[in-house]
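Okay, structure first, notes after.
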Amino acid sequence: MTERMKVLAFSREAGGAEAIAPICKILNSDDNLLLLASGHALALFNDRKLNPIEFGYSEKVLEGLCHNKFGTLPERLLTSAASLPHIDMTERQLWQWAQRKNIASVAVLDQWQNYALRFSGQTPNECLAYFPNKICVMDDLAKNEMIEDGVPLERIVITGQPAFERLQIGPKNSPPKTNMLRSKLNISTREKIVTFVAESLQKDFGNTLGYNELTTLDAIGTILSELNLNHLTIIIKLHPENQLSEFKGFIKKWPNLNVHLIKDEFLASEILAISNFVIGMSSIMLIEAAIVGKPVISLEINARKGPQLALTRCGVIPFIKNHGEASRIIKSMLTDPNFLSAHIAKQTSWSTQIGATKKCLSILKK
């Protein structure tokens, strides 16, 4: 399928890099790939042994790299569609460059969020001004919501999200491995672990949502502390854009809880493996937790908008907007086995597309 198809690929964000990495892996095996990256994507691609080249947008540098690799310009452009316009415009610049050079472009969506922002510029008159030829999306929910946001139907194709495949078919973590991970964190096997998945909401969206990673963590810690359960640990899994200094004050805030701050010392999959419960707001890591069978709670306390997480919008998990409801559900999840079983059963009713990598490759080829 990939024979003689010269592909240029790029991502900046960790989530976007996750989404295209399985496709890049196949292309790279045939030496048909020129992989460029910046930001958090560099580390992820290096971790997957894909050897990216660090790149800040310059058309002259770009075309020089292409000629060094292929002897000509590429036949296809593959990117993520993950960067917010005020953070990075490289994906959009590459789509425009590909259009000028008559190179077919494909972008792969990683999340059910911020659809219009992904294809807009930094000013109001650049709303939905940047598009690749085709956008590979997760499912009908993403497709329909994108159309509502103004993304043209003819650009959208449902493929599934390639990063989810390793979760769907990957090996389960064995008890010895999870015990080893707990040991590294000095967490005993009798501890229940509640993982809070932080995001960069305060930095990216200010007060527009009505909540952020700090207010949500404060609510969770207070609720768990008031439950006063024995052997309860909170892992705070930071987003790549989070600063440790913002969260250090939480370590000793609740004396009856064991609190651990994790930035990038462990993979997200390792943290999920040892977690008993996963709580957050709208991170893709909540979707990943549901795929591997972990009970998930999304909190959007004092939300000024509709639910941001796909699982909530589908009705798979509740839309929790106030502290009292958050307290009731968290308490029930941790102390009522029947409530927990029903919650997990409802989560299990939701599934993602399979064969996403193969479908994305097919779109790229066409």
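Before moving on, here are some points about what is shown:
- Test: residue 234 is in a helix (DSSP H, G or I), assigned by TED's automatic domain parsing to the domain that holds residue 277 and either at pLDDT 95 or above or over 17 Å from residue 283 (Cα atoms) (or both): no
- Criterion (over 21 Å from residue 352 (Cβ atoms) and in contact with a strand residue (DSSP E or B) (Cβ under 6 Å, 6 or more places away or on another chain)) met by exactly one of 196, 205: 196
- Qualifying positions in the stretch 338-366 - among the polar types (S, T, N, Q) and surrounded by 15 or more Cβ atoms within 10 Å (Cβ to Cβ): 347, 352, 353, 357
- Output for the stretch 264-291, where each listed residue is buried (at least 18 other Cβ atoms within 10 Å of the Cβ) and in a loop (DSSP other than H, G, I, E, B): 275, 281, 282, 283
- In the stretch 172-213, the residue that is surrounded by the most Cβ atoms within 10 Å (Cβ to Cβ) out of those that are among the aromatic types (Phe, Trp, Tyr) and farther than 15 Å from residue 234 by Cα is 211.
- Neighbours by Cβ (under 7 Å, 6+ apart or cross-chain): first from the stretch 340-361, more than 13 Å from residue 295 (Cα to Cα); second of a type in the set (Phe, Trp, Tyr): 352/164; 356/164
- Among the candidates 126, 63, residue that is in contact with a Ser or Thr (Cβ under 7 Å, 6 or more places away or on another chain), over 27 Å from residue 358 (Cβ atoms) and either at pLDDT below 95 or surrounded by fewer than 20 Cβ atoms within 10 Å (Cβ to Cβ) (or both): 126
- On the stretch given as the stretch 16-36, residues that are touching a strand residue (DSSP E or B) at 6+ places or on another chain (Cβ under 6 Å) and small (Gly, Ala, Ser) total 3.
- Selected residue (only one of 87, 53, 103 is touching a strand residue (DSSP E or B) at 6+ places or on another chain (Cβ under 8 Å), in the same structural domain as residue 134 (by TED's automatic domain parsing), surrounded by fewer than 17 Cβ atoms within 10 Å (Cβ to Cβ) and not acidic (Asp, Glu)): 53
- Some residue of the stretch 322-334 being assigned to a loop (DSSP other than H, G, I, E, B), of a type outside the set (A, V, I, L, M), modelled with pLDDT of 95 or more and surrounded by fewer than 18 Cβ atoms within 10 Å (Cβ to Cβ): yes
The values are calculated or read from the model by the stated rules, or taken from the named source; none is laboratory data. Keep in mind that this is a model prediction, so the values were computed, not measured. Glycine also receives a Cβ, built like all others from the backbone with ideal geometry; neighbour counts cover every protein chain displayed.
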